[in-house]
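Chemist: Please see the structure below; I have some questions.
Please treat every number below as a calculation from the coordinates, not as lab data. Please read these numbers as outputs of a predicted model, since none were measured by experiment. Cβ coordinates were reconstructed from backbone atoms using ideal geometry, including for glycine residues, and neighbour counts include every protein chain displayed.
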Amino acid sequence: MLTYYSDDHHLHHGKCELIDGQLMPCFEKPQRADHILARVKARQLGEVRAPKDFGLAPIARIHSKAYLEFFKGAWARWQEQGGKGDLLPFTWPARTLRRMIPNDLHGQLGYYSFDGGAPITAGTWQAAYSAAQVALSAQQEIAHGAHSAFALCRPPGHHAAGDLMGGYCYLNNAAIAAQAFLDQGRKKVAILDVDYHHGNGTQDIFYQRSDVLFASIHGDPAEEFPFFLGYADELGEGAGEGYNFNYPLPMGSAWETWSAALEQACQRIADYGADVVVVSLGVDTYMEDPISQFKLDSPDYLAMGRRIAALGLPTLFIMEGGYAVEAIGVNAVNVLEGFEGA
Ligand SMILES: [Zn+2]
């Protein structure tokens, strides 16, 4: 399986995040992608290539022009103001407040984010832009006939909506790739999100559409981030009704429970008659993950890959979460090797 990867992810390295009342070093850090890349090479999964540059147009199919302009220019504005640390929001247009775009940098940052978990640093835009190009390059590989490809994206993307960053995510790599398939003539794309957290951004982007089916298996949002989306009764709206499927699972779920949900999600994808599958591949379902509460073990990821392969569809893997840094390479590559029948 071909892997696309860009060193540009090193340009993004947030200093800290607020966890349990304390400022902690960000769990989403460059070593994550480094470990996955090392494992891809150690297992000789296949060639590793640098991405091509498809420009902003395919990104702008998913993200609003105003959002992209804000994100691209935010760090320079922060520097002009003498900003010292990472650029982080602290006020959001929550219930009872007006949803308007203020002039102030932090006001705008609050408008374009849904939490404080997506720090903007000097290189964040470039890293996120390159991650989107990594996704598009792997997508192109499948468009040209490959059965599978791996986009080693960092930062991840599935929490980012059309004009919202949050949860370590800025540009929704999976959604950008799915849209590219459709723009190039595919009719039905299924996105299978196996990250521990609900892919709220991806769901929102396609919620009113029938050309993308979204299925997500995740920690029950009644107990877990992102809390405000990802419930089982969210089935899509309008033309999208019946094309959104959430499988929220209780804390502590292990492979037996998790794989039963995967079976249901795969059945939905098969019934849908998808042309192609985009997998939002998060491995924070791992038992040792420091911020998650599922109990999957490393061999389970091989079985996950085998079940996805049984769909018999061209499959694009897009890297999302996973914070047990020492094990992230083994777990992510196990999915890919399981898929390939290794
Ligand atoms: Zn996650």
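Chemist: Quick check on the range 43-53. Is at least one of its residues closer than 29 Å to P290 by Cβ, out of contact with any Ser or Thr (no Cβ under 6 Å at 6 or more places or on another chain) and touching a residue at least 40 places away in the same chain (Cβ under 8 Å)?
Modeler: Scanning the range 43-53 turns up at least one residue that is closer than 29 Å to P290 by Cβ, out of contact with any Ser or Thr (no Cβ under 6 Å at 6 or more places or on another chain) and touching a residue at least 40 places away in the same chain (Cβ under 8 Å).
Chemist: Just name the residue that is farthest from the ligand (Cβ to nearest atom) out of those in the range 278-298 that are touching a Ser or Thr at 6+ places or on another chain (Cβ under 7 Å) and assigned to a loop (DSSP other than H, G, I, E, B).
Modeler: K295
Chemist: Let me ask something else about it. Suppose we filter A146, A128 for residues that are surrounded by fewer than 21 Cβ atoms within 10 Å (Cβ to Cβ), more than 16 Å from the ligand (Cβ to nearest atom) and not acidic (D, E); which single one remains?
Modeler: On inspection, the qualifying residue turns out to be A146.
Residue-wise test of (1) over 30 Å from N103 (Cβ atoms); (2) among the small types (G, A, S).
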site: K15; (1), (2): no, no
site: F27; (1), (2): yes, no
site: I59; (1), (2): no, no
site: I62; (1), (2): no, no
site: A74; (1), (2): no, yes
site: L88; (1), (2): no, no
site: T91; (1), (2): no, no
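Chemist: Turning to a different aspect of this structure: Failed condition for I191, given (1) within 19 Å of Q267 (Cβ to Cβ); (2) within 14 Å of the ligand (Cβ to nearest atom); (3) not basic (K, R), with all others met?
Modeler: Every listed condition holds for I191 apart from (2).
Chemist: Oh, and also: Checking the condition crowded, with 19+ Cβ neighbours inside 10 Å and within 19 Å of F317 (Cβ to Cβ), which residue from L281, L249 passes? So that I can check it myself, show each step before the final result.
Modeler: On the way: L249 fails: within 19 Å of F317 (Cβ to Cβ).
Testing whether each residue is crowded, with 19+ Cβ neighbours inside 10 Å and within 19 Å of F317 (Cβ to Cβ) leaves just L281.
Chemist: Which of the residues belonging to the range 165-217 are surrounded by fewer than 22 Cβ atoms within 10 Å (Cβ to Cβ) and among the hydrophobic types (A, V, I, L, M, F, W, C)?
Modeler: Residue satisfying the conditions is L182 alone.
Chemist: Of all residues in the range 306-342, which are in a loop (DSSP other than H, G, I, E, B) and either away from the ligand (no atom under 16 Å from the Cβ) or free of Cβ contacts under 8 Å to residues at least 24 places away in the same chain (or both)?
Modeler: A310, L311, G312, L313, P314, G341, A342
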